[in-house]
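Asker: Here it is, the structure in full.
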């Protein structure tokens, strides 16, 4: 007789990767239990209350909508029915000084025209060429790498791409830095800075990351979307999708350790002493937590060590409820347009010396004159003149890059005040002022280390420096049979759609293992995962 727990899967962590895997596995008949130490799903995609307002405290940019459409369809759902989603017309608004602003648009021709007006005809041509190169890199790597499990060396990747397309391996430009290659397209240092910022999407430096990361620019150019309720709403929709297919959630419970036996994983033990039997365990946590023994000694050997020098960036994140100088409230309590920086949904305020920023980060220091990202959660990402502005205070998420030293350094109140002052100076240089003493909560690398142990607060797993970065990132399978990894710290990388792809890959690995141990034949299902057919299942 088949072991009653042979189809049982325990997912540790309800981040995006874990939720996607849980939904896909449950939809294919697996007995899925998700254990989450927090009271909410989403992992980094969470909300915190500030001044009585719920503010997104995690990722804010939603791209590659097709990834999620496929996932919902494979689970018998519909993304458009589950969530209200609309396209952003303005991808992001950028500023260097009060008189230097540049928007990138969903319409690439509008972006090209805007760049030409900002930096001249040659810059517009450079952008066109850059956009085409970024698209080519994405097209080369999308199916062979991003949507499959990791490869361990260039040759297997070349086999996936196709040996007849040998020139494509050179075309992804893994041996040149992003900053260097951007210089081939843009002589204006501001534009190199703008497109170099995409390296920070995976917690890396444009001066050390490979030019391959140009593909991130194409991911955004394919479409940025706004979700009513933010990324937390996406996480909740994925939870509902998993539950609709039978997955169970145990919230506010912590895993003490992962159990293993001679043939691999056998289950997990919770801090309460409860045991969940499972022949497959999927860990939606940074692999550093496994290597650091956070899930017990038996699981420590599942992945390689995570050296501090390999960590990606962390961040200071201000969750603010504040008035800006772009709005004003009159005596009647209504708000009218004022002077100052006209916020869009996504805004970037650049420092005058980008290299100095990353020199500071490499040295483990906070940045004296930082670039700042501001997500104005109550703003649209349209560009219609006379758009209604938020009334009074508005919800802002403000991010400055920081070193991942949260396990070695606790920030004093004086240091935190200095960080806040540096951030507000950078905004003011570009024309945005926040009200004095604005209500906020500051999340530091130390806080992120508490949330994501053994990382130092690194938010993206390993950094993406050097040509071998993709081969060093942890994949779905581990050294222990039946133990898998998923999430933004694993292959294919950081970001909400990449975390979802990691969950998809991990689910495929689990189903392949289950199929190899069953006495019946697997059947192909939507989403590219194999499982037993319902007819076979009912008669087994």
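Quick note: the coordinates plus some simple rules give every number you see, no bench work behind them. Here the structure is a predicted model, which is why all the values come from computation and not from measurement. Neighbour counts are summed over all protein chains in view; Cβ atoms, including those assigned to glycine, are modelled from backbone coordinates with ideal geometry.
Asker: Arranged by the count of other C-beta atoms within 10 angstrom, fewest first, what order do 179, 467 take? Provide the component values of the computation, followed by the final result.
Answerer: On the way: 179 21, 467 15.
Going from sparsest to densest Cβ surroundings: 467, 179.
Asker: Plugging the Kirkwood radius over Cα pairs into Stokes-Einstein for segment 1-136, at a temperature of 25 °C and a viscosity of 0.890 mPa s, what D comes out in µm²/s? Write down the numbers at each step before the final one.
Answerer: Numbers: Rh = 19.1 Å.
It diffuses with D of about 129 µm²/s by this estimate.
Asker: Here is a follow-up. Quick one: the Cα spread of the chain along its three principal axes, in angstroms, biggest first?
Answerer: The Cα atoms of the chain stretch 74, 57, 45 Å along their principal axes.
Asker: Return the distance in nm (one decimal) between the two label points of a simple spin-label model at residue 277 and residue 408, each offset 7 Å from Cα along Cα→Cβ.
Answerer: Going from the residue 277 label point to the residue 408 one covers 4.6 nm.
Asker: What ranking do 499-511, 276-288, 110-122, 89-101 get when scored by the average of other Cβ atoms within 10 Å per residue, highest first? Kindly include the intermediate steps, with their values, before the conclusion.
Answerer: On the way: 499-511: 27.8, 276-288: 26.2, 110-122: 16.5, 89-101: 18.5.
Answer by packing, highest mean first, reads 499-511, 276-288, 89-101, 110-122.
Asker: Another one. Between the helical axis of 108-119 and the dominant principal axis of the chain, each derived from Cα atoms, what acute angle in degrees is found, rounded to the nearest 10?
Answerer: 40
Asker: Quick one: work out Rg over Rh on the C-alpha atoms of segment 163-246, Rh as Kirkwood radius. The partial results should precede the final answer.
Answerer: Numbers: Rg = 17.9 Å, Rh = 15.4 Å.
Rg divided by Rh gives 1.16.
Asker: Can you tell me how much longer the chain between residue 240 and residue 171 gets when fully stretched, taken as 0.36 nm per residue apart minus their C-alpha distance, in nm with one decimal?
Answerer: Contour length minus Cα-Cα distance gives 20.7 nm.
Asker: Continuing with this model, one more query. Run lengths n ≥ 4 of DSSP H only: what is the helix-derived mean residue ellipticity at 222 nm for the chain, with -39500 (n - 2.57) per run over all residues, to the nearest 500?
Answerer: Numbers: 19 runs with 185 residues, N = 540.
Here the helix-only value at 222 nm equals -10000 deg cm²/dmol.
Asker: Next question. Helix 65-74 against the longest principal axis of the chain: what's the angle in degrees, Cα atoms only, rounded to the nearest 10?
Answerer: Tilt of helix 65-74: around 20 degrees.
Asker: Estimate the FRET efficiency between residue 467 and residue 517 by the formula 1/(1 + (r/R0)^6), using the beta-carbon distance for r and 30 Å for R0, to the nearest 0.05. Working shown, then result.
Answerer: On the way: r = 38 Å, r/R0 = 1.25.
It comes to 0.20.
Asker: I'd like to compare 243-250, 319-326: which one has the highest average count of other Cβ atoms within 10 Å, and what's the full order after that? Working shown, then result.
Answerer: On the way: 243-250: 16.9, 319-326: 21.4.
Ranked from most to least packed, the peptides come out as 319-326, 243-250.
Asker: Where does each of 480, 85 land when they are ranked from fewest to most other beta-carbon atoms within 10 angstrom?
Answerer: On the way: 480 19, 85 16.
Fewest-to-most ranking of 480, 85: 85, 480.
Asker: May I pose another question? Residue 368 to residue 110: FRET efficiency via 1/(1 + (r/R0)^6), r the Cβ-Cβ distance, R0 45 Å, to the nearest 0.05? Could the numbers behind the result be given before it?
Answerer: Values: r = 35 Å, r/R0 = 0.79.
Taking R0 as 45 Å, the efficiency between residue 368 and residue 110 is 0.80.
Asker: Under the 0.36 nm per residue contour assumption, what length would be gained going from the current alpha-carbon distance of residue 187 and residue 305 to full extension?
Answerer: Roughly 38.4 nm would be gained on extension.
Asker: Can you give the FRET efficiency to the nearest 0.05 for residue 418 and residue 51, using r as the Cβ-Cβ distance and R₀ = 22 Å?
Answerer: On the way: r = 23 Å, r/R0 = 1.04.
Approximately 0.45, to the nearest 0.05.
Asker: Right, another one. Determine, for 44, 37, the number of other Cβ atoms within 10 Å of each Cβ, and report the residues in order from fewest to most. Write out the running numbers ahead of the final one.
Answerer: Working: 44 21, 37 17.
If I rank by nearby Cβ atoms, fewest first, I get 37, 44.
Asker: Going by alpha carbons, how many degrees (0 to 90, nearest 10) lie between the helix axis of 413-429 and the longest principal axis of the chain?
Answerer: The angle comes out near 60 degrees.
Asker: Can you give me the Kirkwood hydrodynamic radius for segment 313-451, using every pair of distinct Cα atoms, in Å to one decimal? Don't jump to the answer; show the numbers that get you there.
Answerer: Values: mean 1/r = 0.0630 Å⁻¹.
Value: 15.9 Å, from the Cα pair sum.
Asker: Please report how far the C-alpha centroid of segment 349-371 lies from that of segment 271-298, rounded to the nearest whole angstrom.
Answerer: If you average the Cα positions of each part, the centres end up 37 Å apart.
Asker: How compact and how long is segment 245-307, expressed as Rg and Dmax of its alpha-carbon atoms in Å?
Answerer: 12.0, 39
Asker: Multiplying the sequence separation of residue 39 and residue 121 by 0.36 nm and subtracting their Cα-Cα distance, what value in nm do you get?
Answerer: Separation in residues times 0.36 nm, less the Cα-Cα distance, equals 24.2 nm.
Asker: Say each of residue 98 and residue 147 gets a label point 7 Å from the Cα, pointing the same way as Cα to Cβ; how far apart are those two points in nm?
Answerer: My value for the distance between the label points is 4.9 nm.
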